[in-house]
């Protein structure tokens with residue numbers, strides 16, 4: 001009897017515990033809308049970019065011709081093929097003795113021994129994993145050329161389908177001279193199917209010798225800029241409501257070697273005067289997206305430029321010692337600042353005017369170098385101080401960013417970088433909660449949850465969103481932040497670094513789940529943080545709250561990174577609220593769920609009306625979810 005009674009008691013106790021566990025009390029979030037804690041930085045969310053993953057060439061920069069300046073690899077000319085139609089005969093090679101400019105002082109020499117109108121000879125380019133064409137669209141092109149004789153005749157330019165050489169568009173340049181000259185043409189497609197499986201050919205129908213360089217072809221660009229950017233990618237960036245652009249970007253600024261650094265003076269003016277240079281990610285940069293194009297990119301998206309200047313360190317542990325050795329690099333940075341901000345009466349401001357932009361650009365932040373914590377020489381303290389003093393002497397209002405803490409002086413801003421797994425971000429969302437507010441401001445210049453390839457999965461988006469709640473709560477200290485890398489070409493061989501925010505091929509693009517989290521956080525952001533407190537929450541519930549004071553509007557972000565729902569009682573003591581609000585919800589059934597180039601919209605935000613809003617609001621956050629609750633005060 002005793003054993004039976006004990007067993008019955010144990011059974012009842014276990015059942016009772018099970019019921020209790022299944023009836024976990026909801027978390028309680030109290031928001032004091034009338035008690036301001038701090039201001040929110042108006043530049044909290046922005047963009048960081050660099051030439052990686054074919055982000056510029058083969059990505060944002062809309063040029064469709066790959067290796068347009070015929071950079072050779074031993075005896076090979078990558079991405080260019082010889083065309084010999086019918087019984088035409090020709091050969092091609094690099095001529096190191098002639099080119100259209102001092103910067104482009106070599107060229108492709110095409111020697112045609114036999115050709116006629118029906119049997120033409122020339123060259124072919126397949127673009128960056130294809131040349132994307134759309135119906136009823138005009139493409140603008142140009143090339144530099146000369147011939148050994150005026151009798152060489154016309155150059156025919158065609159866009160052809162890969163499958164059958166069917167002509168999508170054709171143009172003709174009437175004839176060439178024996179001197180270098182630029183020739184322009186337009187190609188207009190008809191009622192074709194949109195496809196990237198196309199190639200470009202340039203051919204002649206007479207025997208003779210032809211020299212070519214800077215063969216270029218552009219689709220319609222964002223804001224119709226000459227030498228501009230891809231429309232679809234710019235539209236995705238615009239949807240992020242970025243406040244700034246950090247450029248020219250990380251390792252791309254430094255280069256592997258000092259001789260391969262980003263030299264801004266070689267990226268301005270006509271394309272024919274830009275010599276190109278190696279990027280640190282094993283391909284050559286065309287420098288078509290140069291300093292002025294970066295600034296115009298800022299102009300197009302109404303962003304502040306955050307200009308990084310080369311500071312005397314390159315990635316293969318090459319550095320310039322502070323002092324007289326560094327002076328020329330400091331002067332180069334001062335010249336760059338004058339190009340950006342100077343009037344027409346200054347030397348480099350006048351050059352910018354000549355380049356086509358009369359008005360100076362507004363500039364607040366300048367970053368000295370990139371990730372100088374990798375420099376084992378210990379020279380950054382001295383290098384930073386030398387740049388800081390020289391820049392402040394001429395531009396006292398500029399804020400100078402250090403890429404790592406320095407001992408010799410207090411920087412205006414420190415650039416922190418974080419690449420982590422989601423769990424690490426979950427455990428570190430309070431990272432800046434107790435940071436000394438009397439020290440430098442913080443720029444989280446590169447950060448990302450690295451899960452998923454080529455773009456983040458939903459688990460990464462949860463890590464990102466959790467981390468962003470911490471940055472928002474500390475946005476009095478964190479003046480700027482930027483996810484990195486921003487872009488990736490998803491074709492085989494297009495990615496050098498995973499995980500990346502936006503994916504694309506030649507024709508299409510898509511936003512990852514993390515991209516949509518970024519869009520939500522940047523779009524729904526107030527100008528101050530009110531007092532708030534969360535108690536009783538599970539370990540994977542994260543939140544931030546900001547408010548737009550002039551509208552009396554609250555934005556509550558909730559991130560539930562758990563595999564189960566989380567109930568939250570949201571209390572607004574003393575507030576008078578509208579009865580309805582708005583809910584923006586991003587969720588998935590698994591941390592491994594994601595978007596791809598073929599399924600771009602599997603995970604996207606959904607907007608609905610938030611009903612029954614009250615001072616004691618009961619809300620249940622779905623499993624694996626990121627949400628914004630927009631609540632208005634009356």
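Per the helix-only calculation at 222 nm, which mean residue ellipticity applies to the chain, given -39500 (n - 2.57) for every DSSP H run of n ≥ 4 and division by its residues, nearest 500 deg cm²/dmol? Here the helix-only value at 222 nm equals -5500 deg cm²/dmol. Where a ≥ b ≥ c are the square roots of the eigenvalues of the C-alpha gyration tensor, would you call the range 246-411 rounded, which needs a/c under 1.5, or, failing that, prolate if a/b is larger than b/c, or oblate? Verdict is oblate for the range 246-411. Counting only DSSP beta bridges whose two residues both lie in the chain, roughly 70 percent are antiparallel.
Of the peptides 541-547, 342-348, the order by per-residue mean of other Cβ atoms within 10 Å, starting with the highest, comes out as 541-547, 342-348.
Highest-first packing order for the peptide set 520-529, 111-120 is 520-529, 111-120, based on the mean count of other beta carbon atoms within 10 Å. Rounded to the nearest 10 degrees, the inclination of helix 380-394 to the longest alpha-carbon principal axis of the chain is 80 degrees. Against the chain, whose longest principal axis is taken from its Cα atoms, helix 513-523 shows a tilt of about 80°. Roughly how many Å is it from the Cα centre of the range 503-517 to that of the range 433-496, as a whole number? Distance between centres, Cα-based: 17 Å. Once the C-beta distance of residue 331 and residue 75 is scaled by a Förster radius of 45 Å, the resulting FRET efficiency is 0.65 to the nearest 0.05.
For the range 480-634, just say rounded, prolate or oblate: build the C-alpha gyration tensor, square-root its eigenvalues into a ≥ b ≥ c, call rounded for a/c under 1.5, and beyond that prolate if a/b exceeds b/c, oblate if not. Prolate is the answer for the range 480-634, as a/c is 1.5 or above and a/b outweighs b/c.
Rounded if a/c is under 1.5, else prolate if a/b is larger than b/c, else oblate: which is the range 80-218, with a ≥ b ≥ c the root eigenvalues of its Cα gyration tensor? Taking the square roots of the gyration eigenvalues as a ≥ b ≥ c, the range 80-218 is prolate. When peptides 459-469, 217-227 are ranked by their average number of other Cβ atoms within 10 Å per residue, the highest-first order is 459-469, 217-227. Computed from label points 7 Å out along Cα-Cβ, the spacing between residue 118 and residue 408 is 7.6 nm. Which stretch or stretches of the range 97-121 have amide N atoms under 11 Å from the point lying 7 Å from residue 170's Cα along the Cα→Cβ direction? The answer is 118, whose backbone nitrogens lie closer than 11 Å to the label point. Working from Cα positions, state the angle (0 to 90°, nearest 10) between the long axis of helix 291-300 and the longest principal axis of the chain. Result, in degrees: 50.
No value in this document is a laboratory result; all are computed from the given coordinates. In this text, all values refer to a predicted model and were calculated from it rather than measured experimentally. Note that we place each Cβ from the backbone using ideal geometry, even for glycine, and neighbour counts take in every protein chain shown.
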